[in-house]
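Here's the structure we're looking at; comments come further down.
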Amino acid sequence: MIRFLLVLFAASALHAQGVVDVRTSDLTRTVVGADWLSYNGDYTGRRYSSLTQVTPKNAHQLRPEWIFHSNNAGILQVTPVVVAGVMFVTGSNDAYALDAMTGKTLWHHARPVSTGLIDDASGHINRGVAVLGTRLYMETDNAHLLCLDARSGNQIWDVAYAQDNRNYGATSAPLIVKDKVLVGTSGGDDGVRGFVAAFDAETGKEAWRFWTVPSPGEPGSETWPAGDVYKHGGGTTWMPGTYDPALNTIFWGTGNPSPDFDGSVREGDNLYTASLIALDPDTGELRWHFQFTPHDVNDYDATETPVLIDTVYEGKPRKLIVQANRNGFLYILDRTDGTYLASKQFAVQQNWASGIDPHGRPIRTDLQPSKEGTRMCPSYAGGTNWYSPTYSERTHLFYFIAFDECSVVKAKTEAFEEGKAYYSTGASSPPGERGKKILMAYDPIRNAFAWTSPQTGPGRSSAGVMSTASGLVAFGDDAEEFEVVDGLTGAPLYHFNTGQPLHSSPISYAVEGRQYFAIAAGNDLFTFALPPLEPVWK
């Protein structure tokens with residue numbers, strides 16, 4: 001009886017906020033307004049909000065509005081989703097529905113963290129949810145896909161989607177495309193075989209699965225040695241992709257090959273690792289691929305958000321895809337067929353490659369990981385990483401956080417063993433060196449940087465950026481602050497010290513006409529808004 005009353009109360013509270021009922025037509029909108037309906041706001045991955053209440057002139061008046069604290073294991077890396085005044089947040093394997101205006105908890109779905117996990121999965125990281133209709137979808141640390149009732153938090157179904165190797169995990173938010181829920185896995189450093197899988201949103205039945213490491217005889221298998229190396233080849237899909245409804249194509253970045261640093265046991269380019277793959281969302285068929293780092297030995301995942309931009313490029317309208325890659329180069333591709341158009345080095349220190357050839361292939365130097373250790377730049381953490389970029393339709397600039405750091409990379413042949421990581425062997429910071437984060441504003445038309453802004457801090461944050469139609473860029477900086485700057489110049493407008501590192505990306509949303517920003521730091525979710533207008537008494 002008590003459980004029934006709690007569920008009834010939660011449902012009533014949600015109804016008071018608005019109707020949580022996301023249609024496929026809502027997800028295909030190209031304008032992000034009051035609601036932030038998915039991990040990146042919309043299918044393009046631009047993280048660009050049309051809200052304009054907060055401007056360069058009044059951003060200094062922002063103030064903390066409410067804070068939600070999570071007691072879950074591990075730090076929050078979630079991007080909240082907001083629908084009709086309700087905010088959905090994940091921490092570890094738990095999901096929460098909050099009043100987006102006050103932070104009050106409306107319901108909480110609790111699930112214990114899994115035991116026996118290794119590496120990234122053992123951190124119980126969860127980056128958020130997807131919503132379709134009145135249902136909410138989330139991945140768990142041990143690669144289960146859960147379907148919950150978005151109005152009550154009650155579980156509808158639970159599907160285990162990664163088996164036969166207990167090194168699998170999951171850290172991503174799912175992606176809804178039409179009537180399917182798309183998911184990926186983590187564990188690319190641990191000898192698993194990556195894939196993207198699609199499940200029927202109603203029943204949970206698997207619709208298709210694309211393996212990022214082909215089995216013998218399949219296209220791309222010629223880039224791997226013979227034998228069963230492919231079974232532990234990595235190429236995981238631990239961040240959500242983007243989608244173009246007009247082309248009916250999804251774009252998903254893949255992780256590094258496994259083992260990470262010992263390339264001697266996997267000679268060849270190792271498709272489709274460290275790549276961008278374009279898939280048919282109805283069948284999972286591969287339409288094209290582009291490999292950023294063939295035969296990667298530096299842990300240069302390509303899972304950073306691939307951002308879709310429609311613009312006039314070199315004198316004619318083009319459908320572009322832009323990615324700031326972990327290998328230290330920015331790339332511009334034609335997303336209709338994957339044609340390489342341009343690249344730009346952004347890594348301050350770069351010694352693994354001397355440039356990119358006319359076909360988009362890196363021109364490698366002779367540096368390789370070694371038994372004694374080789375200083376290589378960017379570091380194994382990358383010239384950038386999973387933290388989200390943004391593209392502003394107001395400034396026509398692409399913003400992202402770069403990381404300036406090198407690593408001493410060691411390699412030694414080791415056998416795969418289930419239950420253990422499969423780096424073979426590792427990387428460390430050079431003595432006396434410290435990394436630095438840099439906010440960069442890139443003009444894809446000129447293939448040049450408009451401005452850069454070095455940050456102060458230890459170089460260990462992993463917070464992303466977003467932009468607004470009023471010309472703002474909001475992000476989590478490396479000094480444990482939520483910060484807002486002018487998108488045209490980089491001039492600081494507002495900052496708030498959260499007192500803890502930020503490992504998430506911000507969003508903006510509105511409730512009852514008031515604009516908010518939200519970002520997670522440590523185990524807390526912070527929201528910010530302008531002071532409310534004073535009531536006028538007559």
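Throughout, read-outs are computed from the coordinates displayed, never taken from laboratory work. No experiment lies behind these values; they were computed from the predicted model shown. Neighbour counts are summed over all protein chains in view; Cβ atoms, including those assigned to glycine, are modelled from backbone coordinates with ideal geometry.
Put a dot 7 Å past each Cα toward the Cβ at Thr452 and Ser264; how far apart are the dots in nm?
3.6
If you stretched the chain out fully between Glu206 and Thr489, how much longer would it get, using 0.36 nm times the residue separation minus the C-alpha to C-alpha distance?
So the extension gain works out to 97.1 nm.
Which Cα, out of Gly91, Leu145, Asn270, lies furthest along the positive dipole direction of the stretch 2-529 (beta carbon charges, K/R +1, D/E -1)?
Positive-end residue among those listed: Gly91.
Could you give the length gained on full extension between Leu367 and Arg29, defined as 0.36 nm per residue of separation minus the Cα-Cα distance, in nm?
On the way: separation 338, 0.36 × 338 = 121.68 nm, distance 4.61 nm.
Stretched out fully, the Leu367 to Arg29 stretch lengthens by 117.1 nm.
Reachable lysines from Lys344, Cα under 23 Å, same-chain residues fewer than 8 places away excluded?
Lys316, Lys319, Lys436, Lys437
Quick check on packing: order 164-170, 203-209 by the mean number of other C-beta atoms within 10 Å, highest mean leading.
Numbers: 164-170: 21.6, 203-209: 14.4.
Per-residue Cβ counts within 10 Å, averaged per peptide and sorted highest first, yield 164-170, 203-209.
Going by average Cβ neighbours within 10 Å, how do the peptides 407-415, 322-330 rank, with the highest at the top? Each step should come with its number before you reach the end.
Numbers: 407-415: 18.6, 322-330: 26.6.
Highest-to-lowest ranking by the protection proxy: 322-330, 407-415.
For the chain, just give the cysteines left without a disulfide-compatible partner, judged by no other Cys Cβ under 4.7 Å.
Isolated Cys, the chain: Cys147.
If amide hydrogens are placed 1.01 Å from N in the peptide plane, which non-local residues have theirs closer than 5 Å to the one on Glu481?
Thr498
Compute the separation of the alpha-carbon centres of the stretch 440-504 and the stretch 203-231 and state it in Å as a whole number.
39
From the helices alone, meaning DSSP H stretches of at least four residues, give me the mean residue ellipticity at 222 nm for the chain, per-run term -39500 (n - 2.57), in deg cm²/dmol to the nearest 500.
Values: 2 runs with 20 residues, N = 538.
When only DSSP H runs of four or more count, the value is -1000 deg cm²/dmol.
Among 311-321, 187-197, 275-285, what's the highest-first ranking by average C-beta atoms within 10 angstrom per residue?
The most tightly packed comes first, giving 187-197, 275-285, 311-321.
Please give the length that would be gained between Asn154 and Val312 if that part of the chain were fully extended, namely 0.36 nm times their separation in residues minus their C-alpha to C-alpha distance (nm, one decimal). Don't jump to the answer; show the numbers that get you there.
On the way: separation 158, 0.36 × 158 = 56.88 nm, distance 4.73 nm.
Here the segment from Asn154 to Val312 would lengthen by 52.1 nm.
Got a sec to turn the phi values of the stretch 253-258 into Karplus ³J(HN,Hα) couplings, 6.51 cos²θ - 1.76 cosθ + 1.60 with θ = phi - 60°, whole Hz, x for Gly and Pro?
x, 10, x, 5, x, 10
Given R₀ = 45 Å, FRET efficiency for Glu512-Asp164 by Cβ-Cβ distance, to 0.05?
Working: r = 50 Å, r/R0 = 1.11.
Using R0 = 45 Å, I get an efficiency of 0.35.
Suppose every K and R has +1 on its Cβ and every D and E has -1 on its Cβ; what is the size of the dipole of the stretch 2-529 about the Cα centre, in Debye to the nearest 20?
Numbers: 41 positive and 58 negative charges, 182 e Å.
Dipole size: approximately 880 debye.
Based on the Cβ-Cβ distance of Glu285 and Gln345, what FRET efficiency does E = 1/(1 + (r/R0)^6) give at R0 = 35 Å, to the nearest 0.05?
Details: r = 34 Å, r/R0 = 0.96.
About 0.55, to the nearest 0.05.
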